[in-house]
Structures are given as C-alpha cells and as structure tokens.
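Peer 1: Sharing a structure here in structure tokens format.
Nothing in this text is a laboratory measurement; each read-out follows from the coordinates by a stated rule. On a predicted model such as this, the values are computed, not experimentally measured, just so you know. We place every Cβ from the backbone using ideal geometry, glycine too, and count neighbours over all the protein chains shown.
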Amino acid sequence: MSTPPAAPYSPTRLVDAGRHFDRKVATVNLPVVRASSVLFETLADADAEGAAAMAGERHRTTYATSGTPTTMALTDALAEIEGAGHDCRAAVMPSGLAAISVPLLAYCSPGDHVLMSDSVYGPARVFASTLFARFGVTTEFFEPTIGAGIEALVKPNTKVIYLESPGSYTFEIQDVPAICRVARARGVLTMIDNAWASPAFARPFDWGIDVSLLPLTKYWGGHADFLMGAAVVRTEHWPKLWQAIRQLGVCVGGDDAFLALRGLRTAEVRMRRHEATALEVARWLDGRPEVARVLHPALPSHPQHALWKRDFTGSSGLFSFELKAATQAQLAALCERRRFFRIGYSWGGFESLIMPAKIGTLRTVKPWAGGPLVRLHCGLEDAADLIADLGEGLAAMARAG
Ligand SMILES: *Cc1c(COP(=O)(O)O)cnc(C)c1O
C-alpha cells in the first residue's frame, strides 16, 4: 500500500477510493460481502489458499465461487443447525432445485441406479427422469410408505435412495430410519428433501440420513424474498460434493446469503406459529361437508400419523385437503379472489398461499385416485382470518356448482 493515486480526480481514484478502510466496527450482524475476486498479500499465500480451497477445507477460498465470509457464515450455520450433533459440512446453491440436482450429479455416475420416492417434489422427479437419465443414471420410483421393504428394490448398482417426508402434495410420511438401516447395510447413500419440516421439526441425520437438502427459499428464509438451497452432508461425503460444486460453478451472492442468515434467527418462532395456525385451519377443514379428507400428518386421521409422532417434533404450515367433488370452475371459485390465500407456487414465507395440486404424471407407482386436491400454505396471519377467507372460498365454490 505504497503510493496514493497521483491526480486528485482520476479513474485510478474511482477504483481505489474507500478501499483502505481497516478500522473494525463491531455490529450484531456480519457485513455483507459482495465479491468475485479474493486478494492475497503474497504469491505463497495464494498458492496455499488455492490448495486448501481445492481440497474443500473450511473457510478457505481463492475466489467467491469457493465462498466469501458471508456465505461461509451461512454454511457454518447450516452445518451446525441441520447437522446438529453430527459431523457435517454444508454447501449453498442458487435454488432448492439446484440443491437437489447438484448432489445427485455429484454422487452418481453412468450405469448407476437411483431409488426415488414416488411422492417427491415434481421438478426433482423431472430432473431424474430426463436430464439425469440422459447421463446414464436410471431412476426407479417406489411407493413412499415402503419402509424396510425397500430392501427388495436395492440392486448391486443402486447408488442413492432419495426420500422426501412428508411427500409433496400428498404428505405420506416415510419410515426414514428403517430405510436408512437398509441403505447403510447395503452401502447405499441416502438423501432426503427436508423442506417441509425444516430443522425445526426434523433431524434427518439422527434418522441415519447421509445428505439432507433444504430449500432455504422456503422456511429457512421465510420471507419469500430470495431463492436458495443447501445440501448438508456427513463430512465423509463432503469431498465429492465439493468437487461437483467447484466444477459446476455453483455459488450464491452475499446479499442472498445475508437474507438467509437473517431468516434463520427467527425460524423457530415462525415455525411454531405456522404449526399452530395450520393445525387450526386443518381441523376446521376436517369438519367441513365439502371436504373428503385433510392430508396433514399431525392429524390422528393421517395414515402414517404414528410415524410422524415418532420421528418429528412438530408440523409446519403446509398441508393439502381433498374435496369430495369440484369442477374446474368450482376450483377456480375456491382459489380466486381470496384476500389472504393467494394463488402461487412455492411456500414457506410469511404469507398464505393456495394451489390445486396437478399431480397428473407426477405419480407412477400409485397414481392419485382421489378427488380434487388443494394445497394450502398457512402463513403468519391470524388463523381466524384465514378460516374466514377459506369459508368465503367454499361458499363461492358452492355458488359456482
Ligand atoms: C420448493 C421446493 C423445492 C425447491 O426449492 P426452490 O428454491 O424453489 O428451487 C424443493 N423441494 C421441495 C419439497 C419444495 O417444495
């Protein structure tokens, strides 16, 4: 840091100005680091850092694709919270879907076989059946409630068992510990999409899972204002994931990483509120004459309620209900013009959402045979307001009949 720029105003000043601030000011939150380049004092430092970053050592980076202080704070928090009590590492990716596709690419090779639950998030299924299939990986879907029966489906080339519990739209609870026991005995890697429960209500690593996937877009972020996903893995599985992430150039920016860190701070209280509100709405729907059944794992009527009770410590704001009957026009009348339950994909923010499930081709083992299915996300509004909103929707639905 030798000679300052010569001219009082110059392009050099534009580049240089304000970058020599080195006084430390302590604040509650870490500063947001927006970065591409990382700087070194010496060539030897650059070489040493390069080797360490390449090997995937914590907090080592030569370029922001390998991490910045802001993303490192987030991945540390993810490993600590999602991996609680286990030796884990975490990586962040630009969406929850990327946090599904990248680990699958990292752990599988042409000729491998993947077992995937029939009730997984639709885009995960589409990835497995199309792009992934093009790279020579065969995915076989299985009945979500198969439990230890998965053993019969494991082949010598089975590399990954991919789970999601409860399942998207239909909310089947899987016997994850039983499946993990089989997988471990057969040397198969287990992955789970932990979107619904979030770390607040499920501990996938206690169940024996090797890789837990979190769409931070949903409950971790909690405010519907950014997209991000994370893969949290047992440390023994870190090197392969890290190499894939580096080679694919998957990374996130500092602003979004900051929002993810901020979301974490209030996640516990938000989750408890989502839980209480959704339960109230679910019980109210359960008593309605238009409703055939409510698909909510915390209701005793749920087919795998006992498994939910054994393995989860709570339930979130997302569930579905099946109508006895409804035309397309009636479904539109139910969902449109609601004040609180707005029509929208995604969920996990502070706001309520409603969306009819289009399961269609998204189930191959057991196609959906019930009535029209509607998924709700109960946000942080008062339960009474949400119930009144749905009451108006059901009345509009009746009028449209
Ligand atoms: C939304 C969702 C994802 C993907 O998250 P994005 O950040 O929206 O890509 C993954 N899994 C489940 C179960 C989801 O609901």
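Peer 1: Using the number of other C-beta atoms within 10 angstrom as an exposure proxy, rank Arg270, Arg19 with the fewest first.
Peer 2: Ranking Arg270, Arg19 by Cβ neighbours within 10 Å, fewest first, gives Arg19, Arg270.
Peer 1: Let me ask something else. Which log10 I(q)/I(0) values does segment 1-58 give at q = 0.16, 0.21, 0.23 Å⁻¹ under the Debye formula, counting every alpha carbon as one identical point scatterer?
Peer 2: Scattering profile of segment 1-58, log10 relative to I(0): -0.85, -1.08, -1.10.
Peer 1: Lysine pairs in the chain with alpha-carbon atoms under 27 Å apart, 8 or more places apart or on different chains: how many are there?
Peer 2: Close lysine pairs found across the chain: 11.
Peer 1: What number comes out for the charge environment of Pro156, summing +1 per Lys or Arg and -1 per Asp or Glu over other residues with Cβ under 15 Å away? Please list the in-between numbers first.
Peer 2: On the way: positive: Lys155, Lys159, Arg186; negative: Asp112, Glu140, Glu151.
Charge balance near Pro156 sits at 0.
Peer 1: Continuing with this model, one more query. Rounded, prolate or oblate for segment 68-265? Axes are the square roots of the Cα gyration tensor eigenvalues, ordered a ≥ b ≥ c, and the cut-off for rounded is a/c under 1.5.
Peer 2: It comes out prolate by the Cα gyration axes.
Peer 1: Go through segment 35-47 residue by residue and turn each phi into a ³J(HN,Hα) via Karplus (6.51, -1.76, 1.60, θ = phi - 60°); whole Hz please, and just put x for glycine and proline.
Peer 2: Going residue by residue, I get 8, 10, 6, 10, 9, 10, 7, 9, 5, 5, 4, 4, 5 Hz, with x marking Gly and Pro.
Peer 1: Find how many whole Å separate the alpha carbon centroid of segment 177-220 from the alpha carbon centroid of segment 22-83.
Peer 2: Segment 22-83 and segment 177-220 have Cα centres spaced 27 Å from each other.
Peer 1: May I ask for the net charge around Ala84, where only other residues with Cβ less than 9 Å from the Cβ of Ala84 are counted and Lys, Arg are +1 while Asp, Glu are -1?
Peer 2: Charge balance in the 9 Å sphere: -2.
Peer 1: Which peptide among 286-292, 88-94 comes first, and what is the full order, when sorted by highest mean count of other Cβ atoms within 10 Å?
Peer 2: Working: 286-292: 13.4, 88-94: 23.1.
In decreasing order of mean packing, 286-292, 88-94 become 88-94, 286-292.
Peer 1: Restricting to segment 68-265, what percent of DSSP beta bridges are antiparallel, rounded to 5?
Peer 2: Around 40 percent of the beta bridges assigned by DSSP in segment 68-265 are antiparallel ones.
Peer 1: Shape of segment 165-212 from its Cα gyration tensor (a ≥ b ≥ c, root eigenvalues): rounded if a/c is under 1.5, otherwise prolate when a/b > b/c, or oblate?
Peer 2: Working: a/c = 2.23, a/b = 1.60, b/c = 1.40.
It comes out prolate by the Cα gyration axes.
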